[in-house]
Amino acid sequence: MENEIKVFCSATIANISCGFDVLGLALDGIGDEMIVKKTIKKGITITKLTGQKLPMETHKNVAGVAGLALLSVSDYNGGFEIEIHKKIKAGSGIGSSAASSTGAVWAMNKLLGEPFTNMELVKFAMKGEELASGVPHADNVAPGIYGGFTLVRSYDPLDIIKINTPKELYATVIHPQIEVKTSDSRKILKTNISLSDGIKQWGNVGGLIAGLYTEDYDLISRSLKDHIVEPIRSILIPAFDAVKSESMQVGALGCGISGSGPSIFALSKGKENALKVAAAMKGVYNKIGITYDIYVSSINLEGVKIM
Ligand code: HSE
């Protein structure tokens, strides 16, 4: 059995408009790289961290905490060294903490001969999310581990469903260069919703799932709507309404906040349309002088993978 592996752990889009805390998808075009190595020394040591300023102490690092959760129930007697090379910026809304947590537990499981199921790996990675945002939400780590689209059908007991990914679906993501902490953007949300908003929202969640399975792009488009979170959080994002309306005008199927923001995502049918959406998004930010990163990506069907 190998002693060391290098993995790609993808960025993810959580919520996907209508599915706050339950829906997510994995991206191909952007992700972190990690090198995980078995050691005789017990515990987890973060030996290198490039690309972002983040804590390297095991208990303060999401990869460290997720890894310790796995070790605490494993009969393995040694430990692991982890190198983290961040390409995803912290606080960007495309699952930076989730990538580190999923990469660590997936790679450790692989090196141990895969004693744990994907669902168990999600549970370990959720400990990293809890450290990062105060809430062990699974909508980034689930697609990070399973790949494709995922639904957290239930948190207690944890029940993750991998959903079909239509072949021609592409994502465009623009990240205005500000940092929004998930913990802050959760604080501004209301804790109660009206029955009428609930009715609209669960209609759309069901519609989106049905659209993904039947590869019905019109149904996907009609369902990519958020009546609950977007109206509140969008005020934190520069020119959100303009980016959304320009994206829709050039043919996006839908456009919304990626995770807790500030990144904005759109889904399109085909790469050509996704590139048109990217041009439209850039146009808005160039006009008002906002700097950004932008990605056009197919959906990553595998989740974490060996490089
Ligand atoms: N569902 C989480 C939130 C995702 O919106 O707060 C954070 O990436």
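What the table below lists for this structure:
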| item | result |
| --- | --- |
| Test: residue in the range 222-234 that is touching a residue at least 24 places away in the same chain (Cβ under 8 Å), away from the ligand (no atom under 16 Å from the Cβ) and more than 13 Å from residue 20 (Cα to Cα) | yes |
| Residues of the range 285-307 satisfying the condition of being among the acidic types (Asp, Glu) and in contact with a Gly (Cβ under 6 Å, 6 or more places away or on another chain) | 302 |
| Hits in the range 82-118 - residues which are surrounded by fewer than 24 Cβ atoms within 10 Å (Cβ to Cβ) and not in a loop (DSSP other than H, G, I, E, B) | 83, 85, 109, 110, 111, 118 |
| Residue match in the range 10-28 (condition: at pLDDT 95 or above, open to solvent by 50 Å² or more (accessible area, probe 1.4 Å) and out of contact with any strand residue (DSSP E or B) (no Cβ under 7 Å at 6 or more places or on another chain)) | yes |
| Extreme residue, nearest to the ligand (Cβ to nearest atom), among residues of the range 255-290 that are in contact with a helix residue (DSSP H, G or I) (Cβ under 7 Å, 6 or more places away or on another chain) and either part of a helix (DSSP H, G or I) or open to solvent by 30 Å² or more (accessible area, probe 1.4 Å) (or both) | 281 |
| Matching residues in the range 163-185 - criterion: being in contact with a Lys or Arg (Cβ under 9 Å, 6 or more places away or on another chain) and either free of Cβ contacts under 8 Å to residues at least 24 places away in the same chain or in a helix (DSSP H, G or I) (or both) | 185 |
| Which numbered condition residue 77 fails, given (1) over 29 Å from residue 301 (Cβ atoms); (2) surrounded by 15 or more Cβ atoms within 10 Å (Cβ to Cβ) | (2) |
| The one condition in (1) more than 16 Å from the ligand (Cβ to nearest atom); (2) farther than 21 Å from residue 146 by Cα that residue 209 fails to fulfil | (2) |
| Residue that is most open to solvent (accessible area, probe 1.4 Å) [pool: residues in the range 186-214 that are free of Cβ contacts under 8 Å to residues at least 12 places away in the same chain and farther than 23 Å from residue 163 by Cα] | 187 |
| Identity of the residue in the range 1-33, within 15 Å of residue 163 (Cα to Cα) and assigned to a strand (DSSP E or B), that ends up nearest to the ligand (Cβ to nearest atom) | 14 |
| Members of the range 52-72 found to be surrounded by fewer than 15 Cβ atoms within 10 Å (Cβ to Cβ) and touching a residue at least 12 places away in the same chain (Cβ under 8 Å), listed by number | 60 |
| Identity of the residue in the range 270-300, among the aliphatic types (A, V, I, L, M) and out of contact with any strand residue (DSSP E or B) (no Cβ under 8 Å at 6 or more places or on another chain), that ends up nearest to residue 247 (Cα to Cα) | 280 |
| Subset of the range 215-236 (residues that are under 19 Å from residue 250 (Cβ atoms) and either out of contact with any Leu (no Cβ under 9 Å at 6 or more places or on another chain) or open to solvent by 20 Å² or more (accessible area, probe 1.4 Å) (or both)) | 217, 218, 221, 222, 225 |
| Residue that is nearest to residue 138 (Cα to Cα) [pool: residues in the range 156-205 that are within 16 Å of the ligand (Cβ to nearest atom) and of a type in the set (Lys, Arg)] | 186 |
| Test: residue 276 is over 21 Å from the mean Cα position of the chain (by Cα) and charged (D, E, K, R) | yes |
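The values are calculated or read from the model by the stated rules, or taken from the named source; none is laboratory data. Owing to the predicted nature of the structure, the values given are computational and were not obtained by experimental measurement. Neighbour counts run over all protein chains shown; Cβ positions are idealised from the backbone, glycine included. Side chains included, ligands, DNA and RNA excluded: accessible areas come from the protein's heavy atoms. Shrake-Rupley method; radii C 1.70, N 1.55, O 1.52, S 1.80 Å.
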